[in-house]
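A quick write-up on the structure given underneath.
Just so it is clear, none of the values below were taken in a lab; they were calculated from the coordinates. Note that this is a predicted model, so its numbers are computed, not measured.
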Amino acid sequence: MMPLIVFTGATSRTTRDRMPRGEAEHYRERAMELRVPGDAILVEPRAWNTGENIRFSRALLEERRAAVSCVLLVSKPYEERRAYATARKLWPEVEWVSTPTPMPLVDYIDSIGDARLVIDMLTGAQQRLMIYPQQGFMLEQHVPDDVAAAYERPCDAGFTSRLVTGPAERKRA
């Protein structure tokens, strides 16, 4: 059986200008440019968050009756722990192998074009590692005390545009 690649994701605030047709579709197009066979690619274009990426991809694979025992999860380096913990929570029956897209921070900042936004995103990613387990979105991830303390510094400096701000999240984890 041929391995399948599932590209998942709609657009986001940071990708809508570069990927107006959705992240999944743009990744599919790039894979095709690299000569990945079209019948090895599935596209899930509706997901707006990591949980939906996993749930909708799983449903697509089940609809195709694809036997899945192991999944390679590719994400941004700063999202790797959360993506892995979310995938393990939502689809525990498969083996998850996680790898980040290799990219130095300076290159990522250049690709986004806004250093402040990147720091906001990193701060939001750390917050989610600390609050999402209690909300049932992902498995618990150990956050060392020094990392939790370091998280406060960008928050105090105003890098908060990507923090989850619902009533339960207003307090810092």
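Give me a comma-separated list of calculated 3J(HN,Hα) values for the stretch 36-41, in order, Karplus coefficients 6.51, -1.76, 1.60 applied at θ = phi - 60°, integers in Hz, x for any Gly or Pro.
Calculated HN-Hα couplings, in order: 6, x, x, 6, 9, 10 Hz.
Can you run phi through the Karplus equation (6.51, -1.76, 1.60; θ = phi - 60°) for the stretch 11-26 and list ³J(HN,Hα) in whole Hz, with x for Gly and Pro?
Calculated HN-Hα couplings, in order: 9, 9, 4, 8, 10, 4, 6, 7, 10, x, 8, x, 4, 4, 5, 5 Hz.
Shape of the stretch 82-173 from its Cα gyration tensor (a ≥ b ≥ c, root eigenvalues): rounded if a/c is under 1.5, otherwise prolate when a/b > b/c, or oblate?
Note, shape of the stretch 82-173 comes out oblate.
If you plug each phi of the stretch 74-84 into the Karplus form 6.51 cos²θ - 1.76 cosθ + 1.60 with θ = phi - 60°, what whole-Hz ³J(HN,Hα) values come out, in order, with x for Gly and Pro?
In residue order, the calculated couplings are 10, 8, 5, x, 6, 9, 4, 4, 5, 4, 5 Hz.
Per the helix-only calculation at 222 nm, which mean residue ellipticity applies to the chain, given -39500 (n - 2.57) for every DSSP H run of n ≥ 4 and division by its residues, nearest 500 deg cm²/dmol?
Computed mean residue ellipticity for the chain: -14000 deg cm²/dmol.
Tell me which residues come under 5 Å, amide H to amide H, from ILE41 once H is placed; ignore anything under 5 positions away on its chain.
Hits under the 5 Å cutoff: ILE5.
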